[in-house]
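Step one of this worksheet: look at the structure below.
The values are calculated or read from the model by the stated rules, or taken from the named source; none is laboratory data. Treat the numbers as computed from the prediction; the structure is a model and nothing was measured. Methodologically, a virtual Cβ is constructed for each residue, glycine included, from the backbone with ideal geometry; neighbour enumeration extends over all protein chains shown. Ligands, DNA and RNA are excluded from the accessible area calculation, which covers all protein heavy atoms including side chains. Shrake-Rupley method; radii C 1.70, N 1.55, O 1.52, S 1.80 Å.
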Amino acid sequence: AGPGGLTLANALRRKGISCKVYERNVRTLSAVGGGFALASGRDWLEQLGFGDALARITTPLRFMRILDIEGNQLGRLSLELPGSEERIGGHLAVGVTRSVLVNMLADKLEDDVLKLGWELKDIASNADGSVRAKFSVKQADGTFKAEEVSGSVIVGCDGIHSRVRQLMHGPRVLGDTRQSCWLLLKRDIKTSEFDYTDQENQCINLVATGKKSNIGFVGYTTTPGNYEFAHAFKVDVARGGERWESGAYKGEDFKRRAIEKMKAAPRELGEFADRANPDDFIQVSIMDALSSIGASWHIGRVGILGDAAHAPIPTAGQGCNSAVGDGACLAKYLAWALQQPDGRHEEAISAAFKLFHHERVDFCEKIITQGRLLTNKWSNMVLPQTADSVDSALEEWLQRLAIKALQGMFDYLPGVVANGAVQEFKEGCGKVDLDNEQVDLIELSRDL
């Protein structure tokens, strides 16, 4: 019941196709998790009729501000580029809080569509060609009950640790970046504390943390009144202690020291960390599914989308965009397939999955490889956000030079930058409806 699955459910029901969403986590709609920078995902959701609702729960991200650890501005890169808003129908990126976004999507569904506390255990085929999901369902008294549900199609929208994908392809080997992240989402901010309506605060703050720091700081406004602050760090760097509490990844002293570093961050980042409670900080893995590139996204009537199929690293900022796009895209093909006569169902469903994969695979696999490139020192020099900090005074000087050069491009060649940004935005976009509802998708898919 993340952004991908709930988008798929809304898009299917928009076309008159009934569906159910099963979610293991009973707290998925609660105020948990962080935020997203919506780009192409905004375009897909607006086509599905969420434009007004999105405008209420998002914040335009108008520029990127690059700071040093003392808070001095090293660069300012505008995201309000000439002609870009007219060409893509809005801002290049908007911030949104995950829980607010999923609640917006869930609220549009009928009460009986979303089922919480249902953990998928297995999948089987029925004699009539349909598929059957086997669940363990958490009861009100804390016990669990076995349930089975049959349907025409099963789609796994269950994230990077997808159970559906595991049942399709076996255990997944995730791409280890040797980095992790402390995440703080500050909620219910008053404008007297931090004026998130001020355009000067509607930005992404990136911090060049200095030589041999082995950390990264990024912060931005998500939903109005919310702010996300991410602190990346290297997981295998010596932490200065032999005791579990001081040296372990899950040690309390290690967490305390990480929070102290976040409190020392410049501008509002450090201020929010200083006012937060220790329980507000959560750990998030920085992993991707680089090794999964090329794997099938469906077998028979069972498919996967979003991070279950193609997970980029979280710092790439594209996981939500790709999941939302996948859900809206798959729905238009599945809706056609499920409206075909019974004798054509098998071929039609296979065609739907093939066409979905054909439309989305280039973009979705590209963002995995692009995201991995962000986890090296040379990319991080220009747009500092991960723990790949510079190692020497010379590299620090080169970093400042590179940032100035990038700002010069934004300042003096804004049209060129706009063309590139718009092209990259549009690569993740598509249409929520078929160009021709009468076309035979089975024939169209035969050459794929």
Q. Protein chains only, probe 1.4 Å: how do 313, 57 rank by accessible area, largest first?
A. 57, 313
Q: For n ≥ 4 DSSP H runs only, could you compute -39500 (n - 2.57) per run for the chain, divide by its residues and tell me the 222 nm figure to the nearest 500?
A: -11500 deg cm²/dmol
Q.
Just want the answer: with Cβ charges of +1 for Lys and Arg and -1 for Asp and Glu, which residue in 7, 205, 331 is farthest toward the dipole's positive end in the chain?
A. 205
**Q.** At most 14 other Cβ within 10 Å, DSSP loop - GluC sites (Glu not before Pro), segment 84-178
**A.** 110
Q) Dividing the convex hull volume of the alpha carbon atoms of the chain by its residue count, what do you get in Å³ per residue? A) 157
Q: For segment 370-419 and segment 79-114, compute the distance between their C-alpha centroids and round to whole Å.
A: 28
Q. Can you work out the FRET efficiency for the pair residue 235 and residue 134, with r the C-beta to C-beta distance and R0 = 41 Å, to the nearest 0.05?
A. 0.70
Q: Determine the dipole magnitude for segment 55-210: charges of +1 sit on the beta-carbon of Lys and Arg, -1 on that of Asp and Glu, nothing else is charged, the reference point is the Cα centre, and the result goes in debye to the nearest 20.
A: 440
Q: Tell me the GluC sites (Glu not before Pro) within segment 1-84 that lie in a loop according to DSSP and have at most 16 other beta-carbon atoms within 10 Å.
A: 70, 80
Q. Of all accessible surface on the chain at a 1.4 Å probe, what whole percent is carbon and sulfur?
A. 49
Q.
Placing one identical point scatterer on every Cα of segment 84-227 and ignoring solvent, what is log10 I(q)/I(0) from the Debye formula at q = 0.22 Å⁻¹?
A. -1.37
**Q.** Amide H contacts under 5 Å for residue 203, placed H, 5+ residues apart
**A.** 62, 221
Q.
Rolling a 1.4 Å sphere over the protein heavy atoms, what is the accessible area per residue of segment 288-338, to the nearest Å²?
A. 20
Q: About the Cα centre of segment 208-353, how large is the charge dipole given +1 on each Lys and Arg Cβ and -1 on each Asp and Glu Cβ? Please answer in debye to the nearest 20.
A: 500
Q. Projected onto the charge dipole of segment 297-446 (+1 at Lys/Arg Cβ, -1 at Asp/Glu Cβ, origin at the Cα centre), which of 300, 369, 405 gives the Cα projection farthest towards the positive end?
A. 405
Q | Nearest 10 degrees, 0 to 90: helix 319-338 Cα axis against the chain principal axis | A | 10
Q. Debye sum, Cα scatterers, segment 408-448, no solvent: what log₁₀ I/I(0) at q = 0.21, 0.28 1/Å?
A. -0.76, -0.93
Q: Using the Cα centre as the reference, give the magnitude of the dipole from point charges on the C-beta atoms of segment 283-376 (Lys, Arg: +1; Asp, Glu: -1; all else neutral), rounded to the nearest 20 debye.
A: 80
Q: Take every DSSP beta bridge whose two residues both sit in the chain, then give the antiparallel share in percent to the nearest 5.
A: 80
Q.
Starting from the 7 Å offset along Cα-to-Cβ, what nm value, one decimal, do you get for the label separation of residue 263 and residue 200?
A. 2.7
